[in-house]
Amino acid sequence: MTDRRGVVAKRAEDLAPGVPYVRGWARARRSAGTLADQLVLLGLDSDFPGLVADVNVFGDGLVQLGAVRPEAAELLAKLITAGLDAEMLSTPAVDRDLAGQVQGLGPN
């Protein structure tokens with residue numbers, strides 16, 4: 001699994017010595033748990049049954065959403081957009097900085 005920026009390498013199936021797999025997986029597990037908690041609050045947890053933490057061959061944590069219905073993906077995109085819109089409407093510098101960081105993660 002590789003994205004166009006080369007950020008995500010294929011998942012680790014055969015472990016190599018000296019690679020911090022546990023650290024990456026633990027970070028992914030925390031992030032997947034945070035996302036899962038929010039999906040539960042929104043009543044969307046059943047739409048993302050494949051949400052799991054994983055790790056790639058370099059020890060980087062991965063959060064896999066699994067296969068989702070198109071409607072669920074569209075709703076998630078709308079929720080993210082609504083959150084970004086709300087972030088952009090708030091005026092503290094910290095919020096603007098965070099919004100800029102999030103936007104920097106988008107496609108170039």
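The values are calculated or read from the model by the stated rules, or taken from the named source; none is laboratory data. Just so it is clear, the structure is predicted and the values come from calculations on it, not from any experiment. Surface areas here come from the heavy atoms of the whole protein model, side chains and all, with no ligands, DNA or RNA. Shrake-Rupley method; radii C 1.70, N 1.55, O 1.52, S 1.80 Å.
Of note:
- Solvent-accessible area assigned to carbon and sulfur over region 4-93 amounts to 60 percent, based on a 1.4 Å probe.
- Residue ranking by accessible heavy-atom surface, 1.4 Å probe, largest first, among D60, D37, D47 comes out as D37, D60, D47.
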